[in-house]
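As structure tokens, the structure follows; a few thoughts come after it.
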Amino acid sequence: MPAPYVISLSSDEEEDDDVQVLAFHEATQKLIEQAPPKVVKKLCEAECPICFDSIKNATTTFCGHVYCLECLQKSISASSARGQTRGKKGVGLCPMCRKSVAFKDTIVLRLKRGNKVAPPIEKAAGQADD
């Protein structure tokens, strides 16, 4: 007579799952604590996502993406020529998010470089305003 087989419904792996979950939570917490500082670029330092050069004649689309005027014009013309906009003249797709963009609805940003302003000086407690 063959030996009876025992089928275990519990597994030794269950304990390992708890250890893996804890290790995952610890690793996630470390990543959150070590998050890089938020970097804010000035618009004058931004680069065009089409030509990868500094933006000349900054132009924004309705969806909020900023390009060189010439780059955006060429991109809209190219997507119109490829038939991506059902033959509508002056309408193309945003190179970043592929939303429909009418060239007449784009906005050329008139930017000027201002003077650098020093951050405000914090007054010590108890000092009166002059």
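Once Lys and Arg get +1 and Asp and Glu get -1 on their Cβ, which of Gly90, Leu69, Ile107 lies farthest toward the positive end of the dipole of the range 43-108?
Toward the positive end, the furthest listed residue is Gly90.
With each pseudo-label sitting 7 Å past Cα toward Cβ, what's the Ala81-Glu45 distance in nm, one decimal?
Between Ala81 and Glu45, the label points sit 3.6 nm apart.
Every number here is computed from the coordinates shown, using simple stated rules; none is lab data. None of the values given here were measured: they were computed from a predicted structure. Heads up, the Cβs are rebuilt from the backbone with ideal geometry, glycines too, and the neighbour counts pull from every protein chain shown.
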